[in-house]
Ligand SMILES: [Zn+2]
Ligand SMILES: [Zn+2]
Ligand SMILES: [Zn+2]
């Protein structure tokens with residue numbers, strides 16, 4: 001955190017250096033997806049060798065999940081095609097507003113604009129060989145989307161799971177869950193709430209994400225239940241299907 005001298009912010013454990021939340025998903029047959037495009041997209045793509053992406057799917061339109069969209073220009077040139085973006089209607093509206101210059105026909109093209117194709121998520125959809133199932137979750141009073149792909153689910157920015165979404169979360173090998181800090185927060189799971197949700201989901205492994213500096217990596221992991229751990233930047237996870 002800018003201007004913070006706490007022990008997490010001064011830690012020399014690389015797992016305490018956290019960029020904004022996002023995941024890159026690659027299937028065995030080579031379909032590559034990005035979930036969210038936060039302000040650190042460029043740095044993350046360079047650090048982890050993300051050179052091609054077939055589509056970006058969005059959980060919601062908060063700044064920490066969409067502000068990297070301008071850097072999609074580079075994927076456009078590498079792949080020689082526009083980038084498909086999949087999001088719910090509210091989020092598509094936020095993207096159009098936040099990136100007004102991209103969608104304004106008057107904008108001079110000289111500086112280069114990202115080429116984006118917007119698709120509204122209205123139910124399960126397919127990209128390449130990947131079937132993506134939206135999982136509605138609560139982010140405070142707003143309903144946003146988590147996603148299930150095979151036996152993997154990604155539920156960031158989550159403060160509650162509606163009853164109707166629980167049946168979508170059975171038989172998971174890996175789930176990624178929001179856990180901001182110890183103290184309760186109106187729009188994110190606390191650590192305890194995340195642990196309880198993890199227990200009810202019962203996935204083979206649970207990784208927590210979106211932590212703030214209140215949760216140092218090593219010390220927090222020591223007191224987590226079995227099969228629950230904090231994720232960290234650069235973590236790679238293999239997910240087996242049956
Ligand atoms: Zn700090
Ligand atoms: Zn958010
Ligand atoms: Zn967020």
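The values are calculated or read from the model by the stated rules, or taken from the named source; none is laboratory data. Keep in mind the model is a prediction, meaning the values are calculated, not measured. As a convention, Cβ positions derive from the backbone with ideal geometry for all residues, glycine included, and neighbour counts pool all protein chains shown.
Below, the figures for the structure above:
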read-out: Selection from the stretch 124-174 of residues that are within 16 Å of ligand 2 (Cβ to nearest atom), touching a residue at least 24 places away in the same chain (Cβ under 8 Å) and not in a strand (DSSP E or B); value: 140, 156, 157, 158, 159, 161
read-out: Criterion: assigned to a strand (DSSP E or B), surrounded by 17 or more Cβ atoms within 10 Å (Cβ to Cβ) and away from ligand 1 (no atom under 16 Å from the Cβ) - qualifying residue of 113, 34; value: 34
read-out: Meets criteria (touching a helix residue (DSSP H, G or I) at 6+ places or on another chain (Cβ under 6 Å) and either under 29 Å from residue 215 (Cβ atoms) or within 16 Å of ligand 2 (Cβ to nearest atom) (or both)) for residue 37; value: yes
read-out: Condition met for residue 121 (without any contact (Cβ under 8 Å) to a residue 40 or more places away in the chain and touching a strand residue (DSSP E or B) at 6+ places or on another chain (Cβ under 9 Å)); value: no
read-out: Set 59, 51: member being exposed (fewer than 15 other Cβ atoms within 10 Å of the Cβ), touching a helix residue (DSSP H, G or I) at 6+ places or on another chain (Cβ under 7 Å) and either in contact (Cβ under 8 Å) with a residue 40 or more places away in the chain or in a loop (DSSP other than H, G, I, E, B) (or both); value: 51
read-out: Sole exception among (1) within 16 Å of ligand 3 (Cβ to nearest atom); (2) without any contact (Cβ under 8 Å) to a residue 24 or more places away in the chain; (3) more than 22 Å from residue 158 (Cα to Cα) for residue 46, by number; value: (1)
read-out: Options 236, 240, 181; residue that is modelled with pLDDT under 95 and either surrounded by 16 or more Cβ atoms within 10 Å (Cβ to Cβ) or closer than 28 Å to residue 28 by Cβ (or both); value: 240
read-out: Qualifying residue in the stretch 73-92 (condition: under 18 Å from residue 128 (Cα atoms), in a helix (DSSP H, G or I) and either within 16 Å of ligand 3 (Cβ to nearest atom) or in contact with a helix residue (DSSP H, G or I) (Cβ under 9 Å, 6 or more places away or on another chain) (or both)); value: yes
read-out: Residues that are in contact with a strand residue (DSSP E or B) (Cβ under 7 Å, 6 or more places away or on another chain), part of a loop (DSSP other than H, G, I, E, B) and either more than 20 Å from residue 22 (Cβ to Cβ) or away from ligand 3 (no atom under 16 Å from the Cβ) (or both), drawn from the stretch 186-234; value: 203, 204, 227
